């Protein structure tokens, strides 16, 4: 192709004064943006394939590199923005569906940023989390409709299986295939240390993760990859994946060339065969069918594992959540449309689904109205960027939150959103051995632990300010929230008052 | 004694160990000056061999019974009795490189005097280990215990 | 226990230190005929060219000998070993011994030449004393001639070329450094030395006669009749093992002192010998020869010392390994390099001024000659020493040897040693 219809996106700026020509960038860039000049000594950069992952910038020992946005103006047009024009050119070139990684970068409203938290003043005391106990332990699982006790006060109700988390933060599903084994291992080690759970995704269980299965959530997805009795029984929670926030209504397709020996073993499919996750579960066409699958899993696990149903946040999410709860799900996870992905069709990712804030609020309200909220657990997913987002989600009605992008960023992800290329320079979203080894689980799990520990401290601090000493008292406590700059309708759906009210 | 060991499976081939080794053994101790302007250019004591798929940094093993010390014709190469570090006295070394010819690990480089790892003698942790971004170099006792 | 060691260079010192390691109380006396504490003899050429100062030539600090309890007697020329009374005589003193080690090293070999013997500007070049004398005599007006193009002669010539007006080298063989180089590589080296050091070579020549005035040589006449001006003559034709003492006391001696190849014990059970004065068995072809090289001397000294103190260390591997440089040209050789026969083969890679010749014996490495390409030569040495089967290697043998030459299990051991990680 002689004409390049799409200008490059970034420019690598090399400060010749600072560059010592050590060649670290040359050997680190999987997009081959740096190379040695003909003299084999001077390092030069060409920016055509730069994705701004910052691998070279962060490793450069002298700080000689900088990534700049490549500014190439188009004639101003609010409708035909450069992005649409470029996407058209890309499709004109390939004839294919546009693919992207990570969550949508589009400028949809982030309601977390339009919700403010409360604090205690005079009429009720705030609590100092450094001096007084502060409970963030979270228990997931179906609770009995009501408690009956015998004379001595002992419960006579048989308690369904419960899962104890030391923090309301869990790691969301990322399969072996979409992320590297080392990344999964880091999350598993972090989950073990933090007393929370990691989700192994739909790609089956790699034998190396066997020691961490007691901290795992295993998925049963439409492809049923790697599902067998041990897989279900060694887990803490079994999750039926109906949909994913980034691509609701869409299945998955892992091309045969990516199905290596290890992937084929974990997924239990022949090596080199395409791994297709159908869009629907072919045995689930109704709530009744879902009920059957839940029942089957409970039989297979001898009623010892809570069963979670994960759905994407779509328009009638409240009714769907209610249906899942009635179908016997112990936990329902709702994944908002800003949630991440290893690869999704760009149009789906950027246009399908609704924000988690609204979905969570309406689902919680619906379950309360139906009187079943106290019996099941709600897990919110879809882009939690800081501890305040978590606190707001819990106050909107979530029992726990699924986080994935944040721990990935802790492990080096720079949101370059090219996960789908398989060339992740940080060793996260790739299976290439020379790249995956860049992620040393022994280092990275500590960073993830640090992150969540920091968030835990912050959650306790925020709760203390509100005068709340237990996460249970925060849950669904929408009085602690106020909207800012929101319309009547938005406030109604969120079930919160406007700031100042 | 504590020694530097390389873990091939974790080595990224970034060769930052070499950069930081040079810096640590330079006059200026400054990463720009040491690698760009200093004359003579300091030599790196550690060398990364291999490619992006399999690489490893090679450092002096500070053997218990070092062949280089036995082969040294000037007494410049010695093993410190208390620390166990094998190092070169650059004033005594005449650069004959007999040590290089007998080191079975290939850890000695030629220069005006022999160039080899001295475990950054005055530091708690050698520069290469301190600056390895993936902990592919570890500084441990023979038993594998850290510090 | 009384230990006496004659000679205080590589073997003698290694022997003394090894004895001290294994016998904390024994009385160790080292007798050296020189005026100096043990120093680096190979450094004398560096001393000559001014690259190293005298106080940096000493192998150990003088306090080392006191702390180790090694008594060094300088200026003690041993005249006789009395095996019956187990004593050695040096000067007027007699030293009794329980165990004795002879580490007398080599003496220069001087071929007969007319009118050379006894001239005050005709010198050999083997110890610090002679280096000092040469340094005193040499000046920018000196026309120096070195007879002998071997290791010692060439190093001396290099040293002299930094001081003198001109340096000529006369060598009998058709190429220089015949002991370590083959013909082709010798040519490269010769050219380098000629351009860098302005040394003039007279190959396949001998000196037949010297012309002198007032007990000083003024010129030399070569076999072909040429006359070359000379006011400093260095005799570096070669060295022979110094076996006089051993011979006189009736020990078994051939070209060198005969010892047990493992324990370094001589034909007398309480006398050992180590270093250049002994006959070694080359592990690579089993031949008996004099391996007059430092690492070999140290190993033998250690083995002798250990045996004398009742220890267990023996010699199992003797072979030659040598590294030297001329004006920045680095030469590294090891093992068998001048061998002939159907079982040997070799391969040469020549690239600019880099020259690499590997000699194979069947599927094993038997020797190498490396010029300006000696990086990590020790890995080759190790291949020779261990006799590793080359077909088990995974990398290219002719690249700079590195851990990736070996298959993963071997490599892991190289990188992580005994660690189980």
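The values are calculated or read from the model by the stated rules, or taken from the named source; none is laboratory data. Owing to the predicted nature of the structure, the values given are computational and were not obtained by experimental measurement. Note: ideal-geometry Cβ built from the backbone for every residue, glycine included; neighbour counts use all protein chains shown.
Brief remarks follow.
- For the range C:42-60, the criterion of a residue being touching a helix residue (DSSP H, G or I) at 6+ places or on another chain (Cβ under 9 Å) and in a strand (DSSP E or B) is satisfied by no position.
- For the range A:183-194, a tally of residues being within 17 Å of residue A:431 (Cα to Cα) and either in contact with a strand residue (DSSP E or B) (Cβ under 9 Å, 6 or more places away or on another chain) or crowded, with 24+ Cβ neighbours inside 10 Å (or both) returns 4.
- Residue satisfying condition, being surrounded by 18 or more Cβ atoms within 10 Å (Cβ to Cβ), under 19 Å from residue A:240 (Cβ atoms) and within 21 Å of the chain's Cα centre (by Cα), within set A:342, A:328, A:353: A:353
- Selection from the range C:187-203 of residues that are surrounded by 14 or more Cβ atoms within 10 Å (Cβ to Cβ) and not in a strand (DSSP E or B): C:188, C:189, C:190, C:192, C:193, C:196, C:197
- Residues considered: A:83, A:28. Of these, the only one that is within 21 Å of residue A:420 (Cα to Cα) and within 14 Å of chain B (Cβ to nearest Cβ) is A:28.
- The residue that is surrounded by the fewest Cβ atoms within 10 Å (Cβ to Cβ), counting only those in the range C:389-410 that are part of a helix (DSSP H, G or I) and at the interface with chain B (Cβ under 7 Å from one of its Cβ atoms), is C:404.
- Taken residue by residue, the range B:74-81 has no member that is touching a residue at least 40 places away in the same chain (Cβ under 8 Å), away from chain C (no Cβ under 11 Å), outside any loop (DSSP other than H, G, I, E, B) and touching a helix residue (DSSP H, G or I) at 6+ places or on another chain (Cβ under 9 Å).
- Selected residue (criterion: farthest from the other protein chains (Cβ to nearest Cβ)) from residues of the range A:416-425 that are in a helix (DSSP H, G or I) and within 18 Å of the chain's Cα centre (by Cα): A:420
- Residue B:115 crowded, with 24+ Cβ neighbours inside 10 Å and more than 8 Å from chain C (Cβ to nearest Cβ): no
- If only residues of the range A:14-42 that are touching a helix residue (DSSP H, G or I) at 6+ places or on another chain (Cβ under 7 Å) and surrounded by 21 or more Cβ atoms within 10 Å (Cβ to Cβ) are counted, the one that is farthest from residue B:13 (Cα to Cα) is A:20.
- Qualifying residue in the range C:218-234 (condition: touching a strand residue (DSSP E or B) at 6+ places or on another chain (Cβ under 9 Å), away from every other protein chain (no Cβ under 14 Å), closer than 15 Å to residue C:106 by Cα and in a strand (DSSP E or B)): no
- Count of the range B:21-35 residues which are touching a residue at least 12 places away in the same chain (Cβ under 8 Å) and facing chain A (nearest Cβ under 7 Å): 2
- Filtering the range C:84-119 to residues that are touching a residue at least 12 places away in the same chain (Cβ under 8 Å) and closer than 30 Å to residue C:219 by Cα leaves C:106, C:107, C:108, C:109, C:110, C:111, C:113, C:114, C:115, C:116, C:118, C:119.
- Residue in the range C:368-388 that is farther than 24 Å from residue B:65 by Cβ and surrounded by fewer than 16 Cβ atoms within 10 Å (Cβ to Cβ) present: no
- Subset of the range C:246-260 [surrounded by fewer than 21 Cβ atoms within 10 Å (Cβ to Cβ) and touching a strand residue (DSSP E or B) at 6+ places or on another chain (Cβ under 7 Å)]: C:247, C:248, C:249, C:251, C:255
- Candidates B:87, B:105 - the one that is in a loop (DSSP other than H, G, I, E, B) and farther than 18 Å from residue C:42 by Cβ: B:105
- Positions within the range A:273-289 being in contact with a helix residue (DSSP H, G or I) (Cβ under 7 Å, 6 or more places away or on another chain) and modelled with pLDDT of 90 or more, in sequence order: A:283, A:284, A:287
- Qualifying position, being closer than 29 Å to residue C:72 by Cα, modelled with pLDDT under 90 and in contact with a strand residue (DSSP E or B) (Cβ under 9 Å, 6 or more places away or on another chain), among C:100, C:126: C:126
- Restricting attention to the range B:36-73, the residues that are on the phi > 0 side of the Ramachandran plot and within 9 Å of chain C (Cβ to nearest Cβ) total 1.
- Residue check for residue A:157: surrounded by fewer than 23 Cβ atoms within 10 Å (Cβ to Cβ), part of a loop (DSSP other than H, G, I, E, B) and on the phi > 0 side of the Ramachandran plot: no
- Selection count, the range A:136-154, where residues are more than 30 Å from residue A:185 (Cβ to Cβ) and surrounded by fewer than 15 Cβ atoms within 10 Å (Cβ to Cβ): 11
- Of all residues in the range B:86-111 being surrounded by fewer than 24 Cβ atoms within 10 Å (Cβ to Cβ) and touching a residue at least 40 places away in the same chain (Cβ under 8 Å), the one that is farthest from the other protein chains (Cβ to nearest Cβ): B:111
- Restricting attention to the range A:200-217, the residues being closer than 23 Å to residue A:438 by Cβ and crowded, with 24+ Cβ neighbours inside 10 Å number 3.
- Test: residue A:262 is outside the structural domain of residue A:200 (by TED's automatic domain parsing), over 25 Å from the mean Cα position of the chain (by Cα) and over 20 Å from residue A:334 (Cα atoms): no
- Tally, over the range A:444-468, of residues that are under 22 Å from residue A:53 (Cβ atoms) and either more than 21 Å from the chain's Cα centre (by Cα) or buried (at least 23 other Cβ atoms within 10 Å of the Cβ) (or both): 3
- When restricted to residues that are within 30 Å of residue C:167 (Cβ to Cβ), in contact (Cβ under 8 Å) with a residue 60 or more places away in the chain and away from chain B (no Cβ under 11 Å), the range C:28-83 contains 6.
- First in the range C:286-309 and more than 13 Å from every other protein chain (Cβ to nearest Cβ), second anywhere and surrounded by fewer than 24 Cβ atoms within 10 Å (Cβ to Cβ) and in a helix (DSSP H, G or I), Cβ under 6 Å, 6 or more apart: C:309/C:22
- The one condition in (1) surrounded by 13 or more Cβ atoms within 10 Å (Cβ to Cβ); (2) out of contact with any helix residue (DSSP H, G or I) (no Cβ under 6 Å at 6 or more places or on another chain) that residue A:270 fails to fulfil: (1)
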